[in-house]
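Below: the structure, in structure tokens.
Throughout, read-outs are computed from the coordinates displayed, never taken from laboratory work. From a predicted model like this one, the values you see are computed outputs, not experimental measurements. Neighbour counts are summed over all protein chains in view; Cβ atoms, including those assigned to glycine, are modelled from backbone coordinates with ideal geometry.
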Amino acid sequence: MAISAFKPEVWNANLLVTLEKSHVYAAPGVVNRDYEGDIANYGDTVHIVGLAEPTIGTYTPHTDITIEDVDDTDSTLVVDQSKYFAFEVDDVEKRQAFNGGKVLTEQARKAAYKLRDTADAYVAGLMAAGVSAGNLIAEATLTDPADAYDLLVDLGTTLDEDNVPSEGRWTVVTPKFHGLLLKDPRFVSAGDAQAAMTRVNGMVGEAAGFSIRKSNNAPDGPGDGAGKLIIAGYSGAVTYAEQINKTEAARKEKGFADIVKGLHLYGSKVVRPTGLAAADVII
């Protein structure tokens, strides 16, 4: 690939598509992009305005009613994550490599995967830190396949008690947790088959009212053991904003090589802690 044929806009779009297809914790449907807006620089801030809950009063005839102000709340989503990739391919190596013209493109694809993995781990950590304390199920060791399925039911009940919408609920599980689910006939007979044709963004099935996604980025649990957090929620709980801010190509000044570098800006925020539930699980 000659530098003269490099089109930054096309590469930016391709890398963003690759990121979106690969995200698990930061995937559309798990988080929302409602406040993404225009991200131009590291440190950009998106203001999230919410309304306070109105008070419901009892009306008594011939008695004045109480009129309250409409109070709003203002929280901020700060784009405070700035990651980059940069690599070069020497002209000799490119010439000698099989299908060498695609070396830079393939390396950029790998860079997008690494950016995704880094951003996903970041969002997973925010979720772990942001989940409401009352929605955290204490450390438990799971050995029976039924335990895994039953835990999903418990997470769903926790969300129900916080009036979280039942539509669009998700959970991200570890490979070991998924392995237990695959041994439970309730999951195999329905949830696994139902999602067999739509395995995108780590999706591995549906069960107990959740779309189930699988990831190796599950955060460590707060317990004393080697537990991992199984996190559940709905897309209104966490917001995320990202952009491939810049992708550039150049010739190496002191050498004969093509250089490609890219900058990824993003930020995330838990906007409804009670919209998340988590369980500290040892398998």
Fill in: Across LYS110/LYS246; LYS114/LYS252; LYS228/LYS269; LYS228/LYS261, pairs whose alpha-carbon gap is larger than 27 Å
LYS228/LYS261
Practice prompt. Using the Cα centre as the reference, give the magnitude of the dipole from point charges on the C-beta atoms of region 212-283 (Lys, Arg: +1; Asp, Glu: -1; all else neutral), rounded to the nearest 20 debye.
Written response: 280 debye
Discussion item. 5 Å is the cut-off here: which amide hydrogens, built 1.01 Å from N in the peptide plane, fall below it relative to VAL271, excluding neighbours closer than 5 in sequence?
Written reply: VAL238, THR239
Worksheet entry | Taking LYS246, LYS228 and counting other C-beta atoms within 10 Å, the order from fewest to most | LYS246, LYS228
